[in-house]
Structure formats: structure tokens, C-alpha cells
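Values quoted throughout were computed directly from the atomic coordinates according to the rules given, and no laboratory measurement underlies them. Predicted model only: the values in this text are computed from it and were never measured. Note: ideal-geometry Cβ built from the backbone for every residue, glycine included; neighbour counts use all protein chains shown.
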Amino acid sequence: MLIISFLAIVVLLVLLTGVRIANQYERAVIFRLGKYARTSGPGLYLLIPVIEWQWTIDMRTMTTAVEQQEAITKDNVPIKINAVIWRKTIDPKRAVIEVVDVGNSVVQVAVTSLRNVIGQHTLDDVLKEQEAISRALQTSIDDVTEPWGVKVERVQMKNVEIPESMQRAMAQEAEALREKRARQIKAQAEVEAAALLRQAAEIIMRSPAGLELRRMQM
């Protein structure tokens, strides 16, 4: 009788100490004697003390900032750029087993992909086609992180800095374009004025008296 009571107490203690709770947005990756056993949660689950241990994974979308990186564009212009990544763990098992540190690994992949993608575009493309470049970055990063059980939902370039010398050159180029448009508008006005003068001369030639009237008005 004492033995049965003792065993009952032991089982009760195991159950009490081994009960775990995972929130709705969490999953517990459980290992038994070093081998993957199961993924539990959300809610209550049992963890056998000493024999089993767990690794909790957050399943919510996380924002990861990529620090400012220096890259070279296709037309050999050095720029500084940083980005923001929205990622979500879709397979807790692979996120624990396949990679050591998911967050840091995603950042390192993003840094490499950022430099590679920027190197395939000119400075004008980087400044004008940021949405298209962001989609290309997302695809490039997601191809690497998908085997880790991580889905890259979105990538957004946060800031692009160009050298001051290039800024001055772009300002001069913009000023030259504005001057060119001004000259074109002025030349077009001269053409239209000349056409009107020609029409006036033809009318006066058909009626010489009109020329005298014009002189009197002047």
C-alpha cells in the first residue's frame, strides 16, 4: 500500500512539474534525450523532466532592421542604404534544427542580398524603382530562409544616401535640364510668333490699304 502511494505521489509530482503552457502565438519544439520528439502548443502540454527539454519559438511577424550598408551600383556609384525586413516563422522545427540563430542569420543573408541586388541596378533605378528593388530583395532573401522555416513577408528600403559630389552633379544635371526646357519653350514661342507674322504679312499683301491703316494706328 505504501509503495502504491509513493508511486502515486511520484507520478503526481512528475505531472505537476512537467506541465507547460504555450501562448497562442508560441510553439514549443521538444527534444527527448537530444532527439527531436514533437512540436507542442498552443495551450497545455506535458514535458517529462530531465528526459525532455524545450525550445520556445515565437510565431508572430517580427521586424528586423538591417544596419546601414555601403554598396556599389551598376554604374559604379557608392551609396549607403539600410532596410527593414518583416519575417515570420512558419516551421518551428526547422527554425530550431536547421539554423543556430534565425534572427542573426536572416540579417546576414539580407546584407549579402542587398549588396548583390544593388550592384545589378544603376543609381537612377535605385532612386526611382525602390518598390521593384524591394520585391527583388524579398525574393532573394526568402529563397535562402525558406529551408530554415522562415518566411520573409516584406522588405522595405528605409533610406538611401549618396555622396555629396554626386548630389551636386545631380543638381547641376537637373538645372541643365530645366534650362534646356526653358530654351525649348522660348524657341517654340519664336516659331509660333513667326508663323503669326507670316499670316499677318499675307493678309496685308492682299490689301495694301491695310498697311496704311496699320501705320496710322502705330
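Summing charges over neighbours of Ile48, with a neighbour being any other residue whose Cβ is under 14 Å away from its Cβ, gives +3 when K and R count +1 and D and E count -1.
Each residue of region 133-138 was assigned a 3J(HN,Hα) from its phi angle through the Karplus expression (A = 6.51, B = -1.76, C = 1.60, θ = phi - 60°), giving 5, 4, 5, 5, 5, 4 Hz with x at Gly and Pro.
A Förster radius of 25 Å combined with the Cβ-Cβ distance from Trp86 to Thr56 puts the calculated FRET efficiency at roughly 0.75.
Here region 39-80 yields Rg over Rh of 1.42, to two decimals, using C-alpha coordinates and the Kirkwood radius. Would you list which lysines come within 28 Å of Lys35, measuring only between C-alpha atoms, while excluding same-chain residues fewer than 8 positions from it? Reachable lysines: Lys88, Lys93, Lys151. Percent of C-alpha pairs per 10 Å bin in region 50-160, short distances first: 14, 45, 25, 11, 3, 1, 0.
Counting only residues at least eight positions apart within a chain, or on another chain, the lysines with an alpha carbon under 25 Å from that of Lys180 are Lys128. With the highest mean first, a sort of the peptides 34-42, 146-154 on other beta-carbon atoms found within 10 angstrom per residue produces 146-154, 34-42. Near Arg154, the amide H atoms lying under 5 Å from its own belong to Trp86; only residues 5 or more places off or on other chains count, and H is placed 1.01 Å from N.
In straight-distance terms, cross-link reach from Lys158 covers every one of the aspartates and glutamates whose alpha-carbon lies under 12 Å from its own, apart from those fewer than eight places away in the same chain; here that gives Glu67, Glu131. Each label point was placed 7 Å from the Cα along the Cα-to-Cβ direction; for Met205 and Glu153 their separation is 7.6 nm.
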